[in-house]
Amino acid sequence: MRFKGIRNVEFFAKGKRGRVFIGEYNGKKVAIKLNKKINNEKDWLKKINKHKIGPKFIYSGKDYIVYEFVEGKRILDYIAESEKREIIKALKEVFRQCRVLDRLKIDKKEMHNPWKHILIGKKIVMIDFERCHKVEKGKNVTQFGQFLLRKKDLLKKKGIRINKREFIRILKEYKDNQTDGNFKIIITTLSK
């Protein structure tokens with residue numbers, strides 16, 4: 001396959017909705033995602049890149065999108081291999097990005113089970129935005145919180161304890177009233 005200005009293209013992975021290739025563009029490693037419904041992801045990446053979320057959009061063509069290749073570990077692998085302080089810092093950054101999406105009234109549709117959608121390396125980057133859509137009220141923060149509750153045993157092994165009943169109450173308060181104050185309570189709870 002040939003893509004404008006991209007050299008050394010090779011197959012990388014196959015997903016539910018398309019295939020991903022990697023290559024080199026202007027001296028940097030890029031991902032090329034092939035999918036017949038790529039316009040949705042292209043439009044969302046352009047919007048959320050302005051808020052430092054997602055891989056950097058480069059360009060698109062018919063049925064494909066080119067963006068920066070993100071090096072990193074999937075979130076559960078990162079948690080399993082990292083220390084408490086680094087894990088908490090990473091989780092807070094994921095929550096921050098989720099909060100921005102909520103404020104923009106964007107539903108990513110993957111945060112209840114994002115193990116393949118969050119890569120942690122030099123940066124913390126969410127990927128795969130093809131299912132995004134506009135909503136009246138975002139629920140990325142609460143979905144990510146629910147995901148952490150399901151992984152509380154893994155977090156406990158790392159010294160991060162989440163009181164399930166209390167955390168559910170805090171998430172519900174945020175869901176009902178998405179204020180900065182309620183969001184800060186979620187973040188503070190992680191640090192305990």
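The values are calculated or read from the model by the stated rules, or taken from the named source; none is laboratory data. Predicted model only: the values in this text are computed from it and were never measured. All Cβ positions, even for glycine, are placed from backbone atoms using ideal geometry, and neighbour counts span all protein chains on display. Side chains included, ligands, DNA and RNA excluded: accessible areas come from the protein's heavy atoms. Shrake-Rupley method; radii C 1.70, N 1.55, O 1.52, S 1.80 Å.
Assorted remarks:
- A Gaussian network model of the chain, with springs between Cα atoms under 10 Å, assigns the largest mean-square fluctuation among LYS37, LYS28, LYS46 to LYS28.
- Contact order normalised by residue count of segment 128-192, Cα under 8 Å, 6+ apart, percent: 31 percent
- Between helix 39-49 and the chain: long-axis angle, C-alpha atoms, 0 to 90°, nearest 10: 60 degrees
- Length gained when the stretch LYS46-LYS184 is fully extended (0.36 nm per residue, less Cα-Cα span): 46.9 nm
- Between the helical axis of 84-103 and the longest alpha-carbon principal axis of the chain there is an angle of about 70 degrees.
- Residue among ASN39, ASN163, ASN26 with the largest mean-square fluctuation in a Gaussian network model of the chain, springs linking Cα atoms under 10 Å: ASN26
- Solvent accessible area, Å² - GLU24, 1.4 Å probe, full protein context: 60 Å²
- Segment 53-160, relative contact order [Cα under 8 Å, separation at least 6], %: 32 percent
- Scattering curve values for segment 110-192, log₁₀ I(q)/I(0), Debye with Cα scatterers, q = 0.15, 0.21, 0.25, 0.27 Å⁻¹: -0.62, -1.15, -1.36, -1.39
- Spherically averaged projected area of the convex hull of Cα atoms, segment 1-76: 5.5 nm².
- Crossing angle, helix 140-150 versus the chain [Cα axis fit, 0-90 degrees, rounded to tens]: 70 degrees
- Rg ratio (alpha-carbon, reference 2.2 N^0.38 Å) - segment 148-192: 1.16
- Working from label points 7 Å from Cα in the Cα-to-Cβ sense, the GLU71 to ARG2 distance is 3.0 nm.
- Taken per residue, the accessible surface of the chain reaches 58 Å², heavy atoms only and a 1.4 Å probe.
- Percent accessible area from carbon and sulfur atoms, the chain, protein chains only, probe 1.4 Å: 49 percent
- Net lengthening on full extension, ALA13/ARG103 (0.36 nm per residue, minus Cα-Cα): 29.2 nm
- Estimated FRET transfer efficiency when R0 is 30 angstrom, pair GLU166-GLU93 (beta carbons, to 0.05): 0.85
- Peptides 137-144, 64-71, 150-157 ranked from most to least packed by the mean count of surrounding Cβ atoms within 10 Å: 137-144, 64-71, 150-157.
- Over the chain, relative contact order from alpha-carbon pairs under 8 Å, at least 6 apart, %: 17 percent
- Test item: Cα-centred dipole of the chain, Lys/Arg +1 and Asp/Glu -1 on Cβ, debye: 180 debye
- A 1.4 Å probe over all protein chains sorts GLU41, GLU173 by accessible area into GLU173, GLU41, starting with the largest.
- Calculated P(r) tail over 24 Å for segment 1-149, as whole % of Cα pairs: 32 percent
- Equivalent ellipsoid semi-axes - Cα gyration tensor, segment 30-74, angstrom: 17, 13, 8
- Rough spin-label spacing in nm, given labels placed 7 Å along Cα→Cβ, for VAL135 and LEU154: 2.2 nm
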